[in-house]
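Have a look at the structure below before the remarks.
The values are calculated or read from the model by the stated rules, or taken from the named source; none is laboratory data. Keep in mind that what you see is a predicted model, and the values were worked out from it rather than measured. Because the Cβ atoms are built from the backbone with ideal geometry, glycine has one as well, and the counts that use them run over all protein chains shown.
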């Protein structure tokens, strides 16, 4: 994720002639400024922040409550070319990721923040066990968060063929018994069910109340350390529902290198 801070000038008096698209800005509103679609959120902060989130290139702005609308628009216009260049770079990285998938390689994103807030499933494979899975999953302080409600430009039906689903499921099912035997005693809890699915926005999720864990089928086509990390991450949620200090203390105790694994995983594209 690319983030640019902007320090507010001392005066916040609004300028006349603010763009119509920004004049009605409110917290959580979608706007268009100079052809750039963005999401504006007002917060009790001192500075203005611009974020471009991979893999979609979604533009998000957090602005002080009293910052003038025209100043926000000026900030975006001044960085118009840079924003477009970053979005183009992310789109190219995503294109290369899809090509790598078709060649059986990993999925490099080149940015940060992949897993998102919704877990729409594109299919089921392997030997899944049923169960409702809801947040918390890998998001926020876990492997990042992507822009929501952004439709990918690639066709998942062409990527996730039946053969590729079988291949991924076989790899995960072959690894799970050993991983559970290794990490169950370390974490001190075991999942009641593990479901494998094609997930469009996250690597895994957990429902602590039921002990159910869901894993992204894509992990079966990636380097084995990522499956191990996501499994440990979700098993830790059996103790800690959020990603706060308690969760992070446990992860550091269980898997000291987890932050490096999280960073590397967040450079991959969820397909």
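For the range 208-225, what are the residues that are without any contact (Cβ under 8 Å) to a residue 40 or more places away in the chain and either under 13 Å from residue 172 (Cβ atoms) or outside any helix (DSSP H, G or I) (or both)? So that I can check it myself, show each step before the final result.
Restricting attention to the range 208-225, the residues satisfying the condition of being without any contact (Cβ under 8 Å) to a residue 40 or more places away in the chain are 209, 211, 225.
Correct list: 209, 211.
Could you please find all residues in the range 238-270 being closer than 28 Å to residue 164 by Cβ and touching a strand residue (DSSP E or B) at 6+ places or on another chain (Cβ under 8 Å)?
Once the filter is applied, which keeps residues that are closer than 28 Å to residue 164 by Cβ and touching a strand residue (DSSP E or B) at 6+ places or on another chain (Cβ under 8 Å), the range 238-270 yields 267, 268, 269, 270.
Quick test of your reading of the structure: residue 201 fulfils all but one of (1) over 16 Å from residue 261 (Cα atoms); (2) in contact (Cβ under 8 Å) with a residue 60 or more places away in the chain; (3) out of contact with any strand residue (DSSP E or B) (no Cβ under 8 Å at 6 or more places or on another chain); (4) surrounded by fewer than 21 Cβ atoms within 10 Å (Cβ to Cβ). Name the failing condition by number.
Looking at each condition in turn, residue 201 falls short on (4).
Can you pull out the residues in the range 208-218 that are in contact with a strand residue (DSSP E or B) (Cβ under 8 Å, 6 or more places away or on another chain) and either at negative phi or not assigned by TED's automatic domain parsing to the domain that holds residue 179 (or both)? Break it down stepwise before answering.
First, the residues of the range 208-218 that are in contact with a strand residue (DSSP E or B) (Cβ under 8 Å, 6 or more places away or on another chain): 210-218.
Passing the criteria: 210, 212, 213, 214, 215, 216, 217, 218.
Within the range 155-198, which residues are at pLDDT below 85 and surrounded by 15 or more Cβ atoms within 10 Å (Cβ to Cβ)? Let's see the steps before the verdict.
Step one: filter the range 155-198 for residues at pLDDT below 85, giving 155-160.
Once the filter is applied, which keeps residues that are at pLDDT below 85 and surrounded by 15 or more Cβ atoms within 10 Å (Cβ to Cβ), the range 155-198 yields 159, 160.
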